[in-house]
Amino acid sequence: MQKLKAEIVITIPEDMVLITRVEYEELKQNELTGVYWNMKDLEKRINKKSDWIKENILFPSRFKKILDIDNGGFVYYPETKGQPWAFQATKMAEFLEGNFQRIFQLRK
């Protein structure tokens with residue numbers, strides 16, 4: 001059996017950097033650390049309007065008991081009309097990822 005040893009040179013552009021997957025994941029996680037979303041931010045993240053978000057995520061009791069800061073969660077539910085919503089970005093992103101099926105499951 002013949003073997004061929006080859007050496008190649010790959011040039012990485014000046015505006016790019018090569019990092020490990022672990023470093024990449026850490027950077028992604030840190031991107032949201034200390035960040036709070038408002039309702040508009042959440043709408044952009046999941047591509048749904050606030051009415052849908054409220055009806056399917058924020059107000060169903062199965063989620064509200066987890067999300068509401070009054071229950072130790074990470075979502076500030078406005079107490080009066082006109083007050084802004086506030087979402088702890090890292091935890092809300094994790095919640096959305098971990099509950100995708102439950103959120104989009106059709107209720108019978």
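Computed from the coordinates by the stated procedures, all read-outs in this text should not be read as laboratory data. The shown structure was predicted, so the numbers you read here are calculated from the model rather than taken from an experiment. Cβ coordinates were reconstructed from backbone atoms using ideal geometry, including for glycine residues, and neighbour counts include every protein chain displayed.
Given a 10 angstrom Cα cut-off, can you work out which residue in Glu31, Glu94, Glu14 is the most mobile in a GNM of the chain?
Greatest mean-square fluctuation among the candidates belongs to Glu14.
Quick check: the angle from helix 89-98's long axis to the longest principal axis of the chain, C-alpha only, nearest 10 degrees?
For 89-98 against the chain, the angle is about 80 degrees.
Among rounded, prolate and oblate, which fits region 35-104 when a ≥ b ≥ c are the square roots of the eigenvalues of its C-alpha gyration tensor, a/c under 1.5 means rounded, and a/b larger than b/c means prolate? Intermediate values should be presented prior to the final figure.
On the way: a/c = 1.26, a/b = 1.13, b/c = 1.12.
Judged from the Cα gyration tensor, region 35-104 comes out rounded (a/c under 1.5).
With θ set to phi - 60° and the Karplus curve 6.51 cos²θ - 1.76 cosθ + 1.60, what are the ³J(HN,Hα) couplings of region 55-66 in order, to the nearest whole Hz, using x for Gly and Pro?
5, 9, 10, 7, 9, x, 4, 4, 9, 4, 5, 8
If the cut-off is a Cα-Cα distance under 28 Å, which lysines reach Lys81, setting aside same-chain residues fewer than 8 apart in sequence?
Within reach: Lys40, Lys44, Lys48, Lys49, Lys54, Lys64, Lys65, Lys91.
Can you tell which of Leu96, Leu67, Leu18 shows the greatest fluctuation in a Gaussian network model of the chain with Cα springs below 10 Å?
So, out of Leu96, Leu67, Leu18, the one fluctuating most is Leu18.
How much FRET efficiency would the formula 1/(1 + (r/R0)^6) give for Asn47 and Tyr77, where r is the Cβ-Cβ distance and R0 is 22 Å, rounded to 0.05?
Working: r = 22 Å, r/R0 = 1.01.
For Asn47 and Tyr77, the calculated efficiency is 0.50.
Which value in nm describes the separation of the simple spin-label points at Asp68 and Thr33, placed 7 Å from the Cα toward the beta carbon?
3.1
Applying 1/(1 + (r/R0)^6) with R0 = 41 Å to the Cβ-Cβ distance of Lys54 and Ala6, what FRET efficiency is obtained, to the nearest 0.05? Kindly include the intermediate steps, with their values, before the conclusion.
On the way: r = 59 Å, r/R0 = 1.43.
After rounding to 0.05, the efficiency reads 0.10.
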